[in-house]
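Below you'll find the structure, written out as structure tokens, and then a few comments.
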Amino acid sequence: MGSGCTFGVVTRFPEHVRAFAPAFWEVKDVGGARRDPVPGSIPMVSCFADNRTAKAHPDWVQVGPGGERATRDQPYFDWDCLCPSRPEVEELALGWVREALEQSGSRSFRLDDVTFAREGYCRCPACEEAASRKGLDWETYRLHRLEEFVRRCRPLVADTLYFTLYPDPYPGHLERRFGIDVDRLKKWVDVFVVPIYDLAYSTTYWLEVLAQGFRDRLGGHPWFLELYGLGVELERLVKAARVGAAYADGILVAYERDEERLRRVAEAVGR
């Protein structure tokens with residue numbers, strides 16, 4: 001959608017909420033920090049990523065096939081990952097969603113970090129027991145578990161439900177790596193959001209490959225491409241947005257401070 005592509009922001013600045021729509025506001029982040037919602041924004045919550053909760057409840061952390069825990073102590077995790085099969089974790093995450101919606105007054109919502117940590121996770125007793133109880137093999141159970149959580153969230157959101165995807169469109173990877181089956185989730189999710197971050201966007205061929213891959217992978221279902229904006233040269237950010245707008249239904253710019261720069265990008269994608 002190169003012409004008239006939706007433009008929005010992920011922001012920490014209340015003035016941006018008045019200037020752009022959609023404007024996503026991170027109410028609860030991967031570290032566990034909470035921020036009061038801003039009226040007019042769309043709240044977003046990291047559901048199964050939470051360093052503070054993992055520290056307080058280490059038995060709630062996802063477990064790998066060798067017994068390793070999905071925490072920042074591992075070289076390939078940037079945050080601690082909570083187990084979606086734990087009833088305590090699910091109820092806590094649903095509570096965060098309900099609270100953010102109530103406090104913000106928003107009719108839309110964005111689910112972040114609704115995922116298993118990576119391949120081989122989670123092998124904790126809660127996951128093993130749940131898979132056995134449901135009569136599902138482990139891989140199928142992971143897909144079922146995340147769909148079930150999203151299904152429980154859906155009635156809480158009156159309008160648009162957004163869902164963040166890891167930027168890997170290769171067939172089978174989201175399922176195998178993270179337990180996410182986009183075809184299952186299409187029933188509940190209105191718009192997928194794919195963050196494809198770079199600190200410079202000095203070249204964009206790889207961005208185009210990923211954007212085209214997601215367009216094909218999602219098969220016509222609405223999706224937004226999210227770019228990192230803070231510190232990126234404006235000309236390069238504009239180019240990246242134009243490239244993405246040729247494939248996505250919307251472009252989001254995350255964490256940029258300067259409202260005028262954001263307006264320039266919005267104009268470039270035909271907002």
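We did not get these values from a lab; they are worked out from the coordinates using the rules stated. Quick caveat: nothing in here was measured; it's all calculated off a predicted structure. Positions of Cβ are generated from backbone atoms using ideal geometry, with glycine treated the same way; all protein chains shown enter the neighbour counts.
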With a 10 Å radius around each residue's Cβ, average the other Cβ atoms per peptide and rank 174-181, 217-224, 21-28, highest first. 21-28, 174-181, 217-224
Below 8 Å, C-alpha to C-alpha, sequence gap of six or more: please give me the relative contact order for the chain in percent. 21
Phi to ³J(HN,Hα) by Karplus 6.51 cos²θ - 1.76 cosθ + 1.60 over the stretch 70-84, Hz, x for Gly, Pro: 7, 10, 5, 5, 7, x, 10, 10, 8, 8, 8, 10, 7, 7, x
Within the stretch 135-165, what residues put their amide N at less than 12 Å from the label point 7 Å along the Cα-to-Cβ vector of residue 21? none
Ordering of 228-234, 202-208 by packing [mean C-beta count within 10 Å, highest first]: 228-234, 202-208
Would you please give the residues with an amide H less than 5 Å from that of residue 69, counting only those at least 5 places away or on a separate chain, with H modeled from the backbone geometry? 64
How big is the charge dipole of the chain about its Cα centre, in debye rounded to the nearest 20, if each Lys and Arg gets +1 on its Cβ and each Asp and Glu gets -1 on its Cβ? 340
Given the stretch 36-140, what whole percent of its Cα pairs are spread farther than 23 Å? 33
Please list, in chain and number order, the residues 5+ apart from residue 254 or on another chain whose amide H is under 5 Å from its amide H, with Hs placed from the backbone. 10, 227, 228, 229
Ignoring everything except DSSP H segments at least 4 long, calculate the 222 nm mean residue ellipticity for the chain; use -39,500 (n - 2.57) per segment, divide by total residues, nearest 500. -10500 deg cm²/dmol
When the Karplus curve 6.51 cos²θ - 1.76 cosθ + 1.60 is applied with θ = phi - 60°, which whole-Hz ³J(HN,Hα) does each residue of the stretch 237-244 get, with x for Gly and Pro? 5, 4, 4, 4, 5, 5, 4, x
What is the distance in Å between the Cα centres of the stretch 246-261 and the stretch 57-83? 32
With a point put 7 Å past each Cα toward its Cβ, work out how far residue 199 is from residue 260 in nm, to one decimal. 2.6
Hz values of 3J(HN,Hα) by residue in the stretch 151-168 - Karplus curve (6.51, -1.76, 1.60), Gly and Pro given as x: 4, 6, 6, 3, x, 6, 10, 6, 10, 8, 9, 9, 9, 7, 10, 5, x, 9
